[in-house]
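The values are calculated or read from the model by the stated rules, or taken from the named source; none is laboratory data. What you see is a predicted model; the values in this text were computed from it and never measured. Reconstructed Cβ throughout: ideal geometry from the backbone, glycine too, with neighbour counts over all protein chains shown.
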């Protein structure tokens, strides 16, 4: 039984991961996004009551899926359709995830993790374990079918195909067939799985064979005709009623009891074991295809459960959202794009930005310190990663190309983990990126090469980024290397075919930062004195107190 909710034609995440996923997660702050999306919001009377604890499985699943980019528009649309269905279907995906998680937990308790040891051990214990697992499967699959039966308005290709295939694979007729078989052999686990606690009962087998007789009264052509379990309430083994029934049976003609003869007891136990094993083999032909089903459905449902919770957190922080659209790789357009991770961490409604780049290969962002440039760059990177795994993004609208290779090169603070200076570390990371860069690559650079002098950093940045641009790499960079920015601006300002655009962090005449990016020529200052004046003013205010 296939699930195929992440891809239309396959189950596994067999595509290539992003290069250096650890840096992407660190520099874009995605760990906060993962952990927040793994926390369920509990509402009461329309108001948020509490946040449940983080579900580590959801966190891990989201991390794995988001770091494997989709490579076509159809794959992105496939997942977006399912996310939209999950949002419309209420608790459906959460119920599927819960059923699978509980089934796997109970399966583990029944000995799934030591399955091979059981196979090599006592065959009776192995058979009893198989019966219990089959009961578990049947109950869980019936519950899943019940959830899917309520979903009459699914429109996504993935969920409708999954529902239809599941209904065929585990129809009501198949469920009845399995349940009848399990009920017929319930005598084998009698007393081990007592559901009617407090009621004394005895369950006995009824096994009917058909055979012929040959010379010497030898049996031939033996065939099992029927097997069933007969339940006698208030006939607890060893009790008065049980002894009385045993006495009555012993007086019946053409019958005898095996309980008083050890050899007959052994033979009857072997007969029961053989019959039950035969029935279980028949039933397993129905349930074998679900052996890995619960693991696969749990993983894939976990991604969509995290997506639903992610959207609810967007609503919680008052963030508009949309499903992004795919366009040409040289285009990038969005309206009121907000940095989701900052909203999560600071519990604020982040300032949004609007941008339209047509047929551009490079975007250079300069401007005032503390003007929101790095936040702007991260918002694009987060949205691009979310788009490329089929998730909604925090914007009114978002259009971008598909980049199977995303690279980040953010400045890092020097710490004890570095074996050399910051510039050497930056160049070493850039060398690793260059080795893996190729067609369909996007690189985000934040204050790269600022660890050396402005002149040297500008020369390094100019040479490296020009080579990357000529190689067909889309480049988005935030920089304070104003000599570099001015040089590129001078070479491209009258050449639209150069494919370079410039944005600057807006600063009002009084020094106020609006945290919005506007088009403009790179300025020759980052207005660091604004920050100096602010620090001095705060110091004087504190001294006056």
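A few points about this structure:
- From the options 117, 106, residue that is assigned to a helix (DSSP H, G or I), modelled with pLDDT under 95 and closer than 28 Å to residue 148 by Cα: 106
- Residue match in the range 319-332 (condition: under 20 Å from residue 32 (Cα atoms) and surrounded by fewer than 21 Cβ atoms within 10 Å (Cβ to Cβ)): yes
- Among the residues of the range 89-103, those that are surrounded by fewer than 18 Cβ atoms within 10 Å (Cβ to Cβ) and at pLDDT below 95 comprise 90, 91.
- Extreme residue, nearest to residue 503 (Cα to Cα), among residues of the range 469-483 that are in contact with a helix residue (DSSP H, G or I) (Cβ under 8 Å, 6 or more places away or on another chain) and in a helix (DSSP H, G or I): 482
- Odd one out for residue 140 among (1) within 30 Å of residue 76 (Cα to Cα); (2) modelled with pLDDT of 90 or more: (1)
- Set 165, 130: member being farther than 29 Å from residue 7 by Cα, out of contact with any strand residue (DSSP E or B) (no Cβ under 6 Å at 6 or more places or on another chain) and either in a helix (DSSP H, G or I) or at pLDDT 95 or above (or both): 130
- Leading residue by the ranking (modelled with the highest pLDDT) among those in the range 363-384 that are over 22 Å from residue 397 (Cβ atoms) and surrounded by fewer than 22 Cβ atoms within 10 Å (Cβ to Cβ): 374
- Screening residue 25 on (1) surrounded by fewer than 19 Cβ atoms within 10 Å (Cβ to Cβ); (2) touching a helix residue (DSSP H, G or I) at 6+ places or on another chain (Cβ under 9 Å); (3) touching a residue at least 40 places away in the same chain (Cβ under 8 Å); (4) in a helix (DSSP H, G or I) shows it passes everything except condition (1).
- Count of residues meeting criterion [in a strand (DSSP E or B) and either modelled with pLDDT of 90 or more or on the phi > 0 side of the Ramachandran plot (or both)] in the range 489-545: 13
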